[in-house]
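See structure below.
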Amino acid sequence: MGLFKRKKRDAAPEKKSNEPVLAAVITNTVSSEIYQDMLKENGIRFVCRQHGADGYLKLVFGPATVPDYIYVSEENYERARELYEIYVEADGQVEILDSEEE
């Protein structure tokens, strides 16, 4: 008799994890900002962090001494790495550490 009928659910579709994944480690502040802008323009949400006391050191000693660790969600990782490769190819003098080297 119910007014509200429940729809039967099929097997739940697999969701990609929304956990942050390290996409790049960039030591140059200007390069980091450009890469972050590329991510924004492509609708990729990200988090930029400095590990340990590095955030504090960046404030004290300036931005050139501390690398930025840029994280994206797992579902956006492939596109973020494509953009990373495009940026590295476009500007050969960029000092970027590969995220696998960490």
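Among the residues of the stretch 1-44, count how many are modelled with pLDDT of 80 or more and farther than 15 Å from Glu82 by Cα.
10
Working only within the stretch 75-91, note down all residues that are among the charged types (D, E, K, R), touching a residue at least 40 places away in the same chain (Cβ under 8 Å) and under 13 Å from Ala24 (Cα atoms).
Arg81
State yes or no: is Val47 surrounded by fewer than 17 Cβ atoms within 10 Å (Cβ to Cβ) and either in a strand (DSSP E or B) or at pLDDT 80 or above (or both)?
Here the answer is yes, as Val47 does meet what is asked.
The values are calculated or read from the model by the stated rules, or taken from the named source; none is laboratory data. Worth saying up front: this structure is predicted, and the values here are computed from it rather than measured. Backbone-built Cβ (ideal geometry, glycine too); neighbour counts: all protein chains shown.
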